[in-house]
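The values are calculated or read from the model by the stated rules, or taken from the named source; none is laboratory data. Keep in mind that what you see is a predicted model, and the values were worked out from it rather than measured. For neighbour counting, all protein chains shown are included, and Cβ atoms are generated from backbone atoms with ideal geometry for every residue, glycine included.
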Amino acid sequence: MSDEHPGRHHEQPSTGPTPCQEPLAVSPLFSQVLTTLPRKDTILIAQIANAFVEAVGDQMAMDTLTLTMDLMYCHGGICPLDLQRMVEDITAGHIGSIGHDIAGIVRHLDRATGALTQGFLPRYALSQ
């Protein structure tokens with residue numbers, strides 16, 4: 001029997017999990033945030049992340065999914081944010097303060113401890 005493609009080896013299908021099938025490592029705090037965050041908040045956070053990445057995506061190495069998760073973690077588990085005001089400001093093209101908060105959250109978010117490090121406090125933080 002001849003091989004239609006000389007030099008090409010036939011691989012056996014893998015029986016183990018592929019990297020896409022392995023479970024995502026999620027901290028207990030983030031897992032709790034995901035299950036308790038109100039749907040309206042997740043929608044607002046997605047709007048903020050999408051608009052921000054669209055506005056500055058070429059200037060910052062940031063993807064929408066990671067930013068969404070970071071904002072969810074911060075808002076739901078560390079420091080509640082004024083999401084409605086953030087949406088209004090980013091819709092109006094006011095990127096500066098939102099950029100400050102997003103860059104600070106991404107830089108100072110410690111997922112292991114569930115804290116913002118070095119005393120960072122977002123400008124859009126709700127008074128507690």
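In table form, for the structure just shown:
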quantity: Search result, residues across the stretch 33-63 that are closer than 17 Å to residue 106 by Cβ and of a type in the set (Val, Ile, Thr); calculated: 33, 45, 48, 53, 56
quantity: In the stretch 64-87, the residues that are part of a helix (DSSP H, G or I) and over 14 Å from residue 109 (Cα atoms); calculated: 64, 65, 83, 84, 85, 86, 87
quantity: Considering residues of the stretch 77-88 that are touching a helix residue (DSSP H, G or I) at 6+ places or on another chain (Cβ under 6 Å) and modelled with pLDDT of 90 or more only, the residue surrounded by the most Cβ atoms within 10 Å (Cβ to Cβ); calculated: 86
quantity: Residue in the stretch 65-76 that is at pLDDT below 90, farther than 17 Å from residue 122 by Cβ and loosely packed, with under 12 Cβ neighbours inside 10 Å present; calculated: yes
quantity: Residue tally, condition part of a helix (DSSP H, G or I) and surrounded by fewer than 19 Cβ atoms within 10 Å (Cβ to Cβ), over the stretch 90-111; calculated: 11
quantity: Selected residue [crowded, with 17+ Cβ neighbours inside 10 Å and either at positive phi or in a helix (DSSP H, G or I) (or both)] from 48, 43; calculated: 48
quantity: Residues (without any contact (Cβ under 8 Å) to a residue 24 or more places away in the chain and among the hydrophobic types (A, V, I, L, M, F, W, C)) located in the stretch 38-87; calculated: 43, 46, 49, 53, 61, 65
quantity: Residue that is nearest to residue 84 (Cα to Cα) [pool: residues in the stretch 98-121 that are touching a strand residue (DSSP E or B) at 6+ places or on another chain (Cβ under 7 Å) and not aliphatic (A, V, I, L, M)]; calculated: 108
quantity: Close pairs (8 angstrom Cβ cut-off, 6 or more residues apart or separate chains): closer than 11 Å to residue 62 by Cβ and modelled with pLDDT of 90 or more in the stretch 95-114, in a helix (DSSP H, G or I) and aromatic (Phe, Trp, Tyr) anywhere; calculated: 99/52; 102/52
quantity: Test: residue in the stretch 29-42 that is modelled with pLDDT of 95 or more and not β-branched (Val, Ile, Thr); calculated: yes
